[in-house]
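Okay, so here's the structure we're looking at.
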Amino acid sequence: MRPIEELLAEALERNRLSVLVFGPALDRDPENEFVRELQRKRRDIRLALEQDGHDVRYGEEVVKPDLPPPTDNPLLQELLLMRAFDLIVVLVHTPGTIAEATCVALRPELAPKAVLFIWDQHHGGFAWNACRLAENLGAVLSEFVFPADIQDCHLLTRILERARGIQMGKALS
């Protein structure tokens, strides 16, 4: 009989995930420290997931705005992309990420594979309520406190835990 550790490691290795990470655009240098920290965390998330063997993409890497109409619509493309990925991570803060979180909330098939992080200062607002709806449909919703949760890697820990859970689900199906 093979040791359980070996069986678990093999199951994780066979079930690497495709992960889509949304957050503040990385091609801008914001003056706002909060947005800069979210950008940094987005990069950290990608690096950690890639080191764990997953295929990670940012939304802006896979959306193609130069396609012919009507397929040039970024919202259409993002909805199709979200269906194709195993895990969706959204750092909710900017108008674009609020729209992405809302898409997750309105698509019951997307919510179970989504992890949404929202700043505690948004509590009670539209974005917060969109995230709560997504949570009711199966998304993992985490409210974070800035700067502690960003700097102490609490977001990253939650994402890695969720990724392992999805991998185990894939291994058992």
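The values are calculated or read from the model by the stated rules, or taken from the named source; none is laboratory data. All values derive from a computational prediction rather than experimental measurement. Cβ: placed from backbone, ideal geometry, glycine included. Neighbour counts: every protein chain shown.
When you look at ILE45, is it in a helix (DSSP H, G or I), of a type outside the set (Phe, Trp, Tyr) and either over 21 Å from ALA127 (Cα atoms) or out of contact with any helix residue (DSSP H, G or I) (no Cβ under 9 Å at 6 or more places or on another chain) (or both), yes or no? Spell out the reasoning first.
Numbers: in a helix (DSSP H, G or I): yes; of a type outside the set (Phe, Trp, Tyr): yes; either over 21 Å from ALA127 (Cα atoms) or out of contact with any helix residue (DSSP H, G or I) (no Cβ under 9 Å at 6 or more places or on another chain) (or both): yes.
The answer is yes for ILE45.
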(request) Report, by residue number, each residue of the stretch 51-92 that is of a type outside the set (Asp, Glu), in a loop (DSSP other than H, G, I, E, B) and in contact with a Leu (Cβ under 6 Å, 6 or more places away or on another chain). (result) HIS54, PHE85
(message) Pairs needed: first member in the stretch 66-90, surrounded by 12 or more Cβ atoms within 10 Å (Cβ to Cβ); second member anywhere, of a type in the set (S, T, N, Q); C-beta distance under 6 Å; at least 6 residues apart or different chains.
(response) PHE85/SER18; ASP86/SER18; VAL90/THR97
(message) Which numbered condition in (1) buried (at least 21 other Cβ atoms within 10 Å of the Cβ); (2) outside any helix (DSSP H, G or I) is the only one that ALA101 fails?
(response) (2)
(message) For the stretch 1-20, give me each residue that is in contact with a Leu (Cβ under 6 Å, 6 or more places away or on another chain) and part of a loop (DSSP other than H, G, I, E, B).
(response) LEU17
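Limited to the stretch 41-58, what total is found for residues that are touching a residue at least 40 places away in the same chain (Cβ under 8 Å), within 12 Å of LEU91 (Cα to Cα) and charged (D, E, K, R)? Explain how you work it out, then say what you get.
Of the residues in the stretch 41-58, the ones touching a residue at least 40 places away in the same chain (Cβ under 8 Å) are 41-42, 44-45, 48-49, 52-54.
Then keep just the ones that are within 12 Å of LEU91 (Cα to Cα); that gives 41-42, 45.
From what is left, the residues that are charged (D, E, K, R) are 41-42.
Here the count works out to 2.
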(message) So in the stretch 112-131, with the set limited to residues that are assigned to a helix (DSSP H, G or I) and touching a helix residue (DSSP H, G or I) at 6+ places or on another chain (Cβ under 8 Å), which one is farthest from LEU49 (Cα to Cα)?
(response) PHE126
(message) Looking at GLU37, GLU33, GLU13, can you tell me which residue is surrounded by 15 or more Cβ atoms within 10 Å (Cβ to Cβ), farther than 24 Å from LEU81 by Cβ and either modelled with pLDDT of 95 or more or not aromatic (Phe, Trp, Tyr) (or both)?
(response) GLU37
